[in-house]
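First the structure, in the form of structure tokens, and then the observations on it.
What follows is calculated from the coordinates using simple rules that are stated; it is not laboratory data. Quantities reported herein were computed from a predicted structural model and do not represent experimental measurements. Here the Cβ is made from the backbone with ideal geometry for all residues, glycine too, and neighbour counts use every protein chain on show.
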Amino acid sequence: MIDIIDLNKTFNNKVEAVKDFSLKVEKGEVISLIGPSGSGKSTVLRCIAGLETPDKGKILINGQAINFRNEKLARKQRTIMGFVFQHFNLFSNMTVLKNLTVAPVNVQGKSEQEAEELAMKYLKRVGLEDKADEFPSKLSGGQQQRVAIARALCMNPEIMLFDEPTSALDPEMIKEVLNVIRDLVEDGMTMIIVSHEMNFAREVSDRIAFLENGKMLEIGTPDYIFNQTENQRVKDFLDKVL
Amino acid sequence: MDFTIITPEIFIYLLKGAGMSLFIAAIATTMGLILGTLGAAAKLSRSRFLNFIASVYVEVFRGTPMMMQITFAFLALPALVTLILGKPIRFNPLVTGIAAISINSGAYTTELIRSGINGVDKGQFEAADTLGLTYRQKMKLVILPQAFKQILPPMVSEFITLIKDSSLLSTIGVVELMKSATTVGANYYAYLPPLTVASGIYLVLTLVISAISKVIERRLAVSD
């Protein structure tokens, strides 16, 4: 479904954030990217979502290469992706409901009523239908992140990208967000998750990729990464965080 | 110090001058807002050329006195135009004055709007991008409404500044509040009463306007 080939990204002509990164994601697959801070996990995700333009490499969506030069076309190609940020990034000038309907109405041309019905359906799914008329600033971090997930789902994406979805949350709110993501996994949603939640990654992922200094050092099933790998860097890292 | 010279007729005459001051400030603020939006768009665009033009505009008009700009527009510019057209031309004081203040205000407003847009969290831009909103939709629906909230208070103080600065147009013969007051003073050989009353009117105008803006700010703060 998504085929990433030899992705390279260097910031300010110095920091090589991503080096020759390749990854093929099949439909229905859940892939976690793990590794130390600054290893390039988020940059990979941001390149896929179009928030960064890679210096080199290709991203194929259902066999079609994203055209990095043509912003309009690239935006259209990326409508199959939903993105969830570490800091939620709900639109602060809109109510929760409006946050969910703004893109379906303006991008997909849905009617206001149709979009609202859809929004309420997803708000119910993340357990926040009673917050529809609140502004984001009135919600807790965990609630904001659940709304952000619902907002992405309203665009009916085929793949969800999660960029450290629980890293900015207080410990007691992490669970409620992970439960929503787990629910999506059970639904068979294709996902790429950048996360520091090792146990969660182990539980939900089909494959886990380990990155360090912009390079993918290992990729395999959770069992392989956690129990079988001979790669010392991966072992050291997991020893430290587990 | 005979305040009885401020008869109802004289007071109404001064109020008319105040009306003119408000009119000048309102037009100049509006024009300044339009110029400032264009200026901010140019400053934030990817075109180096537009960046440069906008920077020159801002620096020139913020770096020279408004009094100079008004006088230049009224006295020096006609000479230049006469030279080019080959026939004498005279500028209308009111139109020239409003244009000069508008262009000056546009330079300040450019910076206000630019910093207002830059003040919006980067994540808001990115979220709009990942949802597939076009640049125009992103600006209209997400960024500008948030920037507007930050821009409103300094825009109101810009309006208040322009009410006061409109008094500079008295030097080129526009009959606004300042000119009305000095005219009354000259007619009665008594400057204290009309200048005191005129000052009071300026003060009431500026206080009322900032009170109104506080109410609006509080209303806009619901989403904070």
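Summary of computed values
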read-out	value
Unit charges at the beta carbon, dipole of segment B:3-223: most positive-side option, B:I163, B:Y191, B:I89	B:I89
Cα centroid of segment B:37-95 to Cα centroid of segment A:185-242, whole Å	62
Test item: Cα-centred dipole of the protein assembly as shown, Lys/Arg +1 and Asp/Glu -1 on Cβ, debye	1600
Percent RCO, i.e. relative contact order, over segment B:3-223, from Cα pairs under 8 Å lying at least 6 residues apart	30
Amide hydrogen neighbours beyond the local backbone of A:K56, cut-off 5 Å, H modeled	A:N8
Residue-averaged [θ]222 nm for chain A, counting only DSSP H segments that reach four residues, each worth -39500 (n - 2.57)	-11000 deg cm²/dmol
Formal net charge of residues neighbouring B:A107 (Cβ-Cβ distance under 9 Å; K, R +1; D, E -1)	-1
Dipole in debye (nearest 20) - segment B:3-223, about Cα centre, beta carbon charges: Lys, Arg +1; Asp, Glu -1	460
Three-way shape label, segment A:1-65, alpha-carbon gyration tensor, a/c 1.5	oblate
Other-chain or far-sequence residues with amide H under 5 Å of A:V30's (modelled H)	A:M191, A:D206, A:R207
Percent of beta bridges antiparallel (DSSP, chain A, rounded to nearest 5)	55
Karplus 3J(HN,Hα) series, Hz, for segment A:131-137 with 6.51 cos²θ - 1.76 cosθ + 1.60 (x for Gly, Pro)	9, 3, 9, 7, 8, x, 5
Distant-in-sequence amide H partners of A:V18 (H built 1.01 Å from N, under 5 Å)	A:K9
Point-charge dipole on Cβ atoms (K/R +1, D/E -1) for chain A, about Cα centre, debye to 20	780
Pairwise centroid distance, computed over Cα atoms, of segment B:187-213 with segment A:95-133, Å	52
Which of B:V120, B:Y13, A:N227, positive extreme of dipole for the protein assembly as shown (C-beta unit charges)	B:Y13
Hydrodynamic radius of the protein assembly as shown per Kirkwood, over alpha carbon pairs, in Å	26.4
Gyration tensor over alpha-carbon atoms, segment B:170-224, equivalent ellipsoid semi-axes in Å	36, 12, 5
Chain B shape via C-alpha gyration tensor axes, a/c threshold 1.5	oblate
Highest-first arrangement of A:12-19, B:130-137, B:102-109, where packing means the average Cβ count within 10 Å	B:102-109, B:130-137, A:12-19
